[in-house]
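This report refers to the structure that appears directly beneath it.
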Amino acid sequence: MKENPFYYGGAIIDEHFCNRVSEMKELQEDIYSGLNALIYAPRRFGKTSFVLKTLDTLSNNDSKSNQKVKYIFLDLMYISTLDEFINKYFNALAISLEEATDKVVNFFKSILKIKPNINVNFDMNGSPSFSLSLSQEDKIKALEDVLNIPLAFTKDGTKIVVVFDEFQEIINLDIEAKMRSVIQHHSNKVSYIFMGSKKSLLHQMFLDKSRPFYKSVKHFKIHEIEAPEWDKFITKKFELTKKKIDKKNIEDIIDITKGFPYYTQQFAYEIWSLTQNIVDENIFQTAKKNIISREEDLFSIEWDNLTPNQKKAIKIIINKDGKNLYDEQQLAIYEIKTGSIQTALKGLLQKDIVDKVNDKHYFQDPLFEYWLKDIV
């Protein structure tokens, strides 16, 4: 039984990764220069895969500057307390050393200003995890100590990259000011990559003059992978597994997914799985139905959580293709006033359901948009 050549649902590397060559090159240059970067993209856009692929490439190829590159990755999505942040970040730093447990413990004892107990636990496979025993009064001191650890890693000339995924979640921890005050002293010796999927919160953090991280990063944009690249990628995968997909089928996939890596890989995975030899229209429609069905519960909940005026605003966005949303005829049809639709649109932007470029509103999730067009 052949293995499906497409993959989705987790970070994508190696043969499953599609394109982003120019963006990888730009991010590599920024890392070598010691810049800090903010990478915003909607959920399922492939930002984590892009960053990890870039860092893996750097870690495996230090020939450019004869400099070793090490990276530390921490996902903040499910961190809700200061204790969790300190210990999960400390553990990520400790694991990155890739040394024997006793050497790791001794190293940290030599560089930490506070002297907490360093706990080591082993899972069923014998892999260690590290944490600190901290008193309440030691937490702030420990936070500064742990935040400074990456700088200690640079003493042998290693280039250190720290990646904070879903960085907007630190808003709940009240540590923005402390993090900024520590990180700014790391200069270009440590590169920080801040990633997130909640644009409204990230804009507050990095574009508000009153916030600690104001103008502290390069805003790094990643875009949808273009249709020709997906065409080559998908066609090749089918050919290598002795199956055939028509260019029109790929165009239909991109028309729905807008080039979002997660959804595009999901469609290709489903279609490949249903295909014996050649993709036909029935296979395509079955794959689409299966995918929409899996997402329907989530989309229904998202729709149900909207206010009546937000639902009206969504219908107007669809009818007007995101432009001229204050058209009097449309407002009259949906019985909504100008002030009310302004408030509704602001709410949709804050919920990261829609975004706005120039004078056009658009949906951040292309499959949600496709589902909405079918129900409204």
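The values are calculated or read from the model by the stated rules, or taken from the named source; none is laboratory data. Because the structure is a prediction, the values reported are computed rather than measured. We place every Cβ from the backbone using ideal geometry, glycine too, and count neighbours over all the protein chains shown.
Evaluated against (1) at positive phi; (2) in contact (Cβ under 8 Å) with a residue 24 or more places away in the chain, residue 112 falls short on exactly one condition, (1).
If we scan region 170-189, do we find a residue that is within 25 Å of residue 9 (Cβ to Cβ) and surrounded by 15 or more Cβ atoms within 10 Å (Cβ to Cβ)?
Residues of region 170-189 that are within 25 Å of residue 9 (Cβ to Cβ), as a first pass: none.
Among the residues of region 170-189, not one is within 25 Å of residue 9 (Cβ to Cβ) and surrounded by 15 or more Cβ atoms within 10 Å (Cβ to Cβ), which makes the answer no.
Candidates in region 299-350 are the residues that are over 15 Å from residue 363 (Cβ atoms) and among the acidic types (Asp, Glu); of these, the one that is surrounded by the most Cβ atoms within 10 Å (Cβ to Cβ) is 327.
With region 199-298 as the region, which helices (runs of 4 or more DSSP H) entirely inside it contain at least 2 residues that are outside the structural domain of residue 183 (by TED's automatic domain parsing) and loosely packed, with under 13 Cβ neighbours inside 10 Å?
On the way: elements: 199-207, 227-240, 247-257, 261-274.
The helices (runs of 4 or more DSSP H) meeting that bar are 227-240, 247-257.
Taking the numbered list (1) buried (at least 17 other Cβ atoms within 10 Å of the Cβ); (2) among the hydrophobic types (A, V, I, L, M, F, W, C); (3) free of Cβ contacts under 8 Å to residues at least 60 places away in the same chain in turn, residue 357 passes all entries but (1).
One line per residue, one yes/no per condition, for (1) assigned to a loop (DSSP other than H, G, I, E, B); (2) of a type in the set (A, V, I, L, M):
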| site | (1), (2) |
| --- | --- |
| 303 | no, no |
| 309 | no, no |
| 314 | no, yes |
| 329 | no, no |
| 336 | yes, yes |
| 340 | no, no |
| 348 | no, yes |
| 355 | no, no |
| 372 | no, yes |
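Within region 318-327, the set of residues being part of a helix (DSSP H, G or I) and touching a residue at least 12 places away in the same chain (Cβ under 8 Å) comprises 318 only.
Residues that are surrounded by 15 or more Cβ atoms within 10 Å (Cβ to Cβ), at pLDDT below 90 and among the charged types (D, E, K, R): find the helices (runs of 4 or more DSSP H) completely inside region 1-103 holding 1 or more of those.
21-33, 47-60
Using beta carbons and a limit of 6 Å, which pairs, at least six apart or on different chains, have the first residue in region 183-202 and within 15 Å of residue 76 (Cβ to Cβ) and the second one of a type in the set (Lys, Arg)? Sorted first by the residue in region 183-202, then by its partner, the pairs are 195/47; 197/43.
Tell me whether region 269-282 contains one or more residues that are in contact with an Asp or Glu (Cβ under 7 Å, 6 or more places away or on another chain), at negative phi and aliphatic (A, V, I, L, M). Reasoning before the result, please.
Initial filter on region 269-282 (in contact with an Asp or Glu (Cβ under 7 Å, 6 or more places away or on another chain)): 279.
Filter once more, keeping what is at negative phi: 279.
Filter once more, so that each one left must be aliphatic (A, V, I, L, M): 279.
Taking every residue of region 269-282 in turn, at least one turns out to be in contact with an Asp or Glu (Cβ under 7 Å, 6 or more places away or on another chain), at negative phi and aliphatic (A, V, I, L, M).
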